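**Student:** Structure incoming, see below.
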């Protein structure tokens, strides 16, 4: 009996058990077998069993934790047992006979063809049905098919599926032996999960945290990044404090500090979002970093000039209404500072996630915290420096 048939029979057995009993029976199995069995159960039943399985197995089995949390790192952790592998010498008639006798025929999308146990081709169902019964699989198969290695990182796999739209991908070891398969929808699901998790990660919310995460666990995940944010905020406050005399003499500047910080911060977050999306989808590998930086510098200049004109006019009107010295020069200061701040924030929006990735960290993790610090320092620092130099 094949491994797939054994697992299919186990699925039918698991259906009849209580959730706790099912979890206890699944606990000793390999992670990919657990995943295969859960995928064959009704969604509600699978979720209930998984909740009990997490309590039973997660403290002892890292691979099982990965399956249950959706945080698999490699294709080997995400794959399920192969459903159809046949020698290249098999005829179409023999392949059809194999499928008729297969207990999980509905799960077969492709037949992976082997020679000396090495993957050499793949046959789709359409080609199999339309072929002559006497033809060998070697004559109708697609040769040298794309396959994932077991140790392929999920991030790299996601980059591949953007250009290879298959329902299923074979997984091979170093000797090109087929050891499993990965369904395309699982990689797209993971891609969607990665993209949705980025929003929280930028502010120090761990990808593992869910709405039902206990308070103390959520506190341990979030609080360290709030301490980092506090330290970086002190850096921005220090820069503003260096120009205390300037603010005291030109009170109008204080009203425009949050305006400048808000605009530069939003510009940086836009660049950050695009960069993180490019990293997640693998597009950053095909797009020169210099070109991306030039794009963000140009966008920063254009956006800064557009909002800078309005902000400069507003500063002129405010300074004139409050009898501040040299309203026209203050308006010019705001205009120049807005352009410089937006350009700088665009550069940092690209640089922060790339630097984090370069040092082996998750590029999305708390990236917004570091970005906000840099944009505040460069934006408010530039405005106060220009005011000190040109107005006083």
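The values are calculated or read from the model by the stated rules, or taken from the named source; none is laboratory data. Since this is a predicted model, take the numbers as computed values, not measurements. Virtual Cβ from ideal backbone geometry, glycine too; neighbours counted across all protein chains shown.
**Student:** Out of 337, 319, 328, 305, report the one residue that is touching a residue at least 24 places away in the same chain (Cβ under 8 Å), surrounded by fewer than 17 Cβ atoms within 10 Å (Cβ to Cβ) and either in a helix (DSSP H, G or I) or assigned by TED's automatic domain parsing to the domain that holds residue 276 (or both).
**Tutor:** The unique qualifying residue is 305.
**Student:** Of the residues in the stretch 347-392, how many are over 30 Å from residue 253 (Cβ atoms) and free of Cβ contacts under 8 Å to residues at least 40 places away in the same chain?
**Tutor:** Of the residues in that region, 6 qualify.
**Student:** Do we have any residue at all in the stretch 117-135 that's assigned to a loop (DSSP other than H, G, I, E, B), closer than 22 Å to residue 79 by Cα and in contact (Cβ under 8 Å) with a residue 60 or more places away in the chain?
**Tutor:** Yes: the stretch 117-135 contains one or more residues that are assigned to a loop (DSSP other than H, G, I, E, B), closer than 22 Å to residue 79 by Cα and in contact (Cβ under 8 Å) with a residue 60 or more places away in the chain.
**Student:** Against the definition (modelled with pLDDT of 80 or more, part of a helix (DSSP H, G or I), surrounded by 15 or more Cβ atoms within 10 Å (Cβ to Cβ) and in contact with a helix residue (DSSP H, G or I) (Cβ under 7 Å, 6 or more places away or on another chain)), how does residue 11 come out, yes or no?
**Tutor:** yes
**Student:** Going through 311, 236 one at a time, which residue ends up being out of contact with any strand residue (DSSP E or B) (no Cβ under 8 Å at 6 or more places or on another chain), touching a residue at least 40 places away in the same chain (Cβ under 8 Å), closer than 17 Å to residue 375 by Cα and buried (at least 19 other Cβ atoms within 10 Å of the Cβ)?
**Tutor:** Answer to the check: 236.
**Student:** Within the stretch 148-165, how many residues are assigned to a loop (DSSP other than H, G, I, E, B) and exposed (fewer than 15 other Cβ atoms within 10 Å of the Cβ)? Give the steps one after another, and end with the answer.
**Tutor:** Quick first cut of the stretch 148-165, residues assigned to a loop (DSSP other than H, G, I, E, B) only: 150-152, 162-165.
Within this subset, residues satisfying the condition of being exposed (fewer than 15 other Cβ atoms within 10 Å of the Cβ) are 151, 162-165.
So the count comes out to 5.
**Student:** Right, residue 278: buried (at least 17 other Cβ atoms within 10 Å of the Cβ), closer than 29 Å to residue 188 by Cα, free of Cβ contacts under 8 Å to residues at least 24 places away in the same chain and assigned by TED's automatic domain parsing to the domain that holds residue 383 or not?
**Tutor:** Against the criterion (buried (at least 17 other Cβ atoms within 10 Å of the Cβ), closer than 29 Å to residue 188 by Cα, free of Cβ contacts under 8 Å to residues at least 24 places away in the same chain and assigned by TED's automatic domain parsing to the domain that holds residue 383), residue 278 qualifies.
**Student:** Check the stretch 379-392 and report whether any residue there is more than 15 Å from the chain's Cα centre (by Cα) and part of a loop (DSSP other than H, G, I, E, B). Quick ask: steps written out before the conclusion?
**Tutor:** Kept after step one, since they are more than 15 Å from the chain's Cα centre (by Cα), are these residues of the stretch 379-392: 379-392.
Keeping just the survivors that are part of a loop (DSSP other than H, G, I, E, B) gives 391-392.
Yes, the conditions are met somewhere in the stretch 379-392.
**Student:** Also: Please work out which one of (1) within 28 Å of residue 293 (Cβ to Cβ); (2) at pLDDT below 85; (3) surrounded by 13 or more Cβ atoms within 10 Å (Cβ to Cβ) is the condition residue 255 fails and give its number.
**Tutor:** If we test residue 255 against (1) within 28 Å of residue 293 (Cβ to Cβ); (2) at pLDDT below 85; (3) surrounded by 13 or more Cβ atoms within 10 Å (Cβ to Cβ), just (1) comes out false.
**Student:** Taking only pairs six or more apart or across chains, which ones have beta-carbon atoms under 8 Å, a first residue in the stretch 29-58 that is assigned by TED's automatic domain parsing to the domain that holds residue 17 and more than 17 Å from residue 81 (Cβ to Cβ), and a second residue that is modelled with pLDDT of 75 or more and part of a loop (DSSP other than H, G, I, E, B)?
**Tutor:** Close Cβ pairs satisfying both conditions: 49/41.
**Student:** Can you name the number of the only condition in (1) surrounded by 19 or more Cβ atoms within 10 Å (Cβ to Cβ); (2) within 20 Å of the chain's Cα centre (by Cα) that residue 361 fails?
**Tutor:** The one condition residue 361 does not meet is (1).
**Student:** Specify the residue that is modelled with the lowest pLDDT; the eligible residues are those in the stretch 166-187 that are surrounded by fewer than 16 Cβ atoms within 10 Å (Cβ to Cβ) and in contact with a helix residue (DSSP H, G or I) (Cβ under 7 Å, 6 or more places away or on another chain).
**Tutor:** Among those that are surrounded by fewer than 16 Cβ atoms within 10 Å (Cβ to Cβ) and in contact with a helix residue (DSSP H, G or I) (Cβ under 7 Å, 6 or more places away or on another chain), it is 184.
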